[in-house]
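Notes to accompany the following structure.
The values are calculated or read from the model by the stated rules, or taken from the named source; none is laboratory data. This one's a predicted model, so the numbers in the text were calculated from it and none came from an experiment. Cβ atoms come from the backbone with ideal geometry, glycine included; neighbour counts cover every protein chain shown. The protein model used for the area step is the full one, side chains on, heavy atoms only, and it has no ligands, DNA or RNA in it. Shrake-Rupley method; radii C 1.70, N 1.55, O 1.52, S 1.80 Å.
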Amino acid sequence: DTGVSQDPRHKITKRGQNVTFRCDPISEHNRLYWYRQTLGQGPEFLTYFQNEAQLEKSRLLSDRFSAERPKGSFSTLEIQRTEQGDSAMYLCASSPAGPSGYTFGSGTRLTVV
Amino acid sequence: AQSVTQPDIHITVSEGASLELRCNYSYGATPYLFWYVQSPGQGLQLLLKYFSGDTLVQGIKGFEAEFKRSQSSFNLRKPSVHWSDAAEYFCAVGGNNQGGKLIFGQGTELSVKP
């Protein structure tokens, strides 16, 4: 068990560019979550998958954001036409089904300049 | 509305002193409650969780938390703080009808004085 991996750790992009982040969950976890965390705040829920199905999306997730989890394994989060307000830490977590705490990855810090 | 309130933005304690971090929640169903710790630039690590049963739960690193339904609270405690405990602490609430989605508080930053 290597934990939850996120790539890249840091991303600096120019406003208007598209970015994509990857998350590799713990292999036996069938739930995968994306959260966003801004400075001085707790994580805010963006979306989650059970296996390959995206079951819920937050209203925070504008149409510029899209997430996929093909084959129920790794997941990608894409942000199109980035804005400065997208600058944040993007956290991925996974868990087994049923009541359980998450295992978080180390996050991807996005800076939009 | 579902929410978590951590009233203390920043707390400073002396090394060896006891610690209590406050957490109050608002949740319409039976809550699942969690405490996470985050070091700078890192992801969150689960300290402990409460689902049901004994209202005093033990976690890692010597932390414990007590669920008080009547007060809608889930305060985190540690009898003797170590310098390595300096970090950001987050309380979170979820439920079985939420698909595992958690609502986090805004966090309490803990500083430890030598």
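Some observations on this one:
- Scanning segment B:74-112 for residues that are assigned to a strand (DSSP E or B) and in contact with a helix residue (DSSP H, G or I) (Cβ under 9 Å, 6 or more places away or on another chain), we see that the one that is least open to solvent (accessible area, probe 1.4 Å) is B:LEU110.
- Selection within segment A:33-80 - on the phi < 0 side of the Ramachandran plot and of a type in the set (Gly, Ala, Ser): A:GLY42, A:ALA53, A:SER58, A:SER62, A:SER66, A:ALA67, A:SER73, A:SER75
- Listing of strands (runs of 3 or more DSSP E) fully contained in segment A:34-113 that carry 3 or more residues being within 11 Å of chain B (Cβ to nearest Cβ) and of a type outside the set (S, T, N, Q): A:44-50, A:53-57, A:88-95
- Single unsatisfied condition, A:ARG15 versus (1) open to solvent by less than 60 Å² (accessible area, probe 1.4 Å); (2) modelled with pLDDT of 95 or more; (3) more than 8 Å from every other protein chain (Cβ to nearest Cβ): (1)
- Meets criteria (touching a strand residue (DSSP E or B) at 6+ places or on another chain (Cβ under 7 Å), assigned to a loop (DSSP other than H, G, I, E, B) and not small (Gly, Ala, Ser)) for A:THR20: no
- Hey, A:SER27 surrounded by fewer than 17 Cβ atoms within 10 Å (Cβ to Cβ) and either aromatic (Phe, Trp, Tyr) or at negative phi (or both) or not: yes
- Residue within segment A:33-43 that is more than 23 Å from B:GLN106 (Cβ to Cβ), over 14 Å from the mean Cα position of the chain (by Cα) and open to solvent by 10 Å² or more (accessible area, probe 1.4 Å) present: no
- Inclusion of A:ALA88 among residues that are surrounded by fewer than 18 Cβ atoms within 10 Å (Cβ to Cβ) and either in contact with a strand residue (DSSP E or B) (Cβ under 6 Å, 6 or more places away or on another chain) or of a type outside the set (Ser, Thr, Tyr) (or both) is not warranted.
- Among the residues of segment B:1-59, those that are more than 12 Å from chain A (Cβ to nearest Cβ), closer than 27 Å to A:LEU39 by Cα and not hydrophobic (A, V, I, L, M, F, W, C) comprise B:PRO7, B:ASP8, B:THR12, B:SER14, B:GLU15, B:GLU20, B:ARG22, B:ASN24, B:TYR25, B:SER26, B:TYR27.
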